[in-house]
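What follows is one structure encoded as C-alpha cells, with my remarks underneath.
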C-alpha cells in the first residue's frame with residue numbers, strides 16, 4: 001500500500017473536504033489507469049468524459065467504504081469505476097460496453113455496489129484475475145509462482161534487503177525502463193544505487209525482479225501488492 005494510503009483516516013476523508021480533495025488529487029494516477037484499462041484506450045484529464053465518471057465512482061467509494069469489512073479500498077474502488085463506466089456506455093449506446101461486460105463486471109445491474117455485496121460477489125473474482133494477470137507478466141521474464149516460492153528469502157534480514165532492492169528498482173525512472181526493455185536486472189547499476197553487494201543481488205535476482213514487477217505495476221495488483229507490502233512492513237518491525 002502506498003505510504004500516503006497508509007496514513008489515511010477514513011472518517012476524516014468523509015468529513016474534511018480539503019483532505020478529500022487532496023486524496024482525490026493524489027489518486028488521479030490510479031483512477032486514470034483503471035479507467036484507461038477498462039476502456040481499452042488511453043484517457044486524458046480534461047478531455048475524456050470517462051475520467052469524470054471514474055472520479056465520481058472513486059468519490060462514491062470513499063463515502064461507502066468502512067475499514068472493518070476486510071476489503072481493500074482500491075480493490076473496491078476499482079470495481080465501482082468499472083461498473084460506472086459500463087453504465088456510462090450503456091446510456092450512450094456504445095459498443096464499448098460489450099468489451100467491459102466480457103469481464104463479468106456488469107452483470108446487468110447498476111453501478112452501486114455495497115461492501116457486503118462486494119465481499120460476497122467480487123473479491124474472489126478480482127483476486128483471481130490479479131493472480132492470472134501477474135502469472136502472465138511473470139512469464140514474460142521466464143518466471144513463475146513456483147520459482148518465487150523456491151527463492152523467497154527465509155530470513156527476515158535477507159527478505160528486507162531484497163525488498164529494498166526491489167523497491168529501488170521499481171521506482172527508479174531509469175533502471176525500471178531498462179528492465180522492461182531488456183528483461184534483465186541492471187545488476188551493476190542496482191548494486192551501485194542500493195549499496196548491496198552484487199552477489200547478494202544475483203542470488204536474489206528472481207525474487208527482486210518479481211517483487212519489482214509487482215511494485216512498478218501496483219495499480220494492477222491491489223491484492224497481491226497488499227500481501228507483499230504487508231510482508232515488507234512486517235520485516236521492518
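In terms of Cα atoms, the Rg and Dmax of segment 135-236 work out to 12.4, 32 Å.
Compared with the direct C-alpha span, the chain from residue 199 to residue 157 gains 13.5 nm at full extension, assuming 0.36 nm per residue. Per-residue extension of 0.36 nm, minus the Cα-Cα distance of residue 131 and residue 44, leaves a gain of 28.5 nm for this segment. Exposure proxy for 202, 168: other Cβ atoms within 10 Å of each Cβ, ordered fewest to most, give 202, 168.
Legend: calculated FRET efficiency, residue 174 to residue 148, from the Cβ-Cβ distance at R0 = 22 Å, rounded to 0.05, equals 0.30.
Extension gain for residue 11 to residue 28 (0.36 nm times residue separation, less C-alpha to C-alpha distance): 4.1 nm.
Exposure proxy ranking for 162, 213, based on other Cβ atoms within 10 angstrom of each Cβ and starting from the fewest, stands as 213, 162. Taking the fewest neighbouring Cβ atoms within 10 Å as the starting point, the ordered list for 172, 63, 68, 22 is 68, 63, 22, 172.
Label point of residue 164 set 7 angstrom out along Cα-Cβ; within segment 171-202, amide nitrogens under 16 Å from it belong to 171, 190-202.
Rule-based calculations on the coordinates, nothing more; no lab input. Treat the numbers as computed from the prediction; the structure is a model and nothing was measured. Ideal geometry is used to build each Cβ from the backbone, glycine not excepted, and the neighbour counts take in all protein chains shown.
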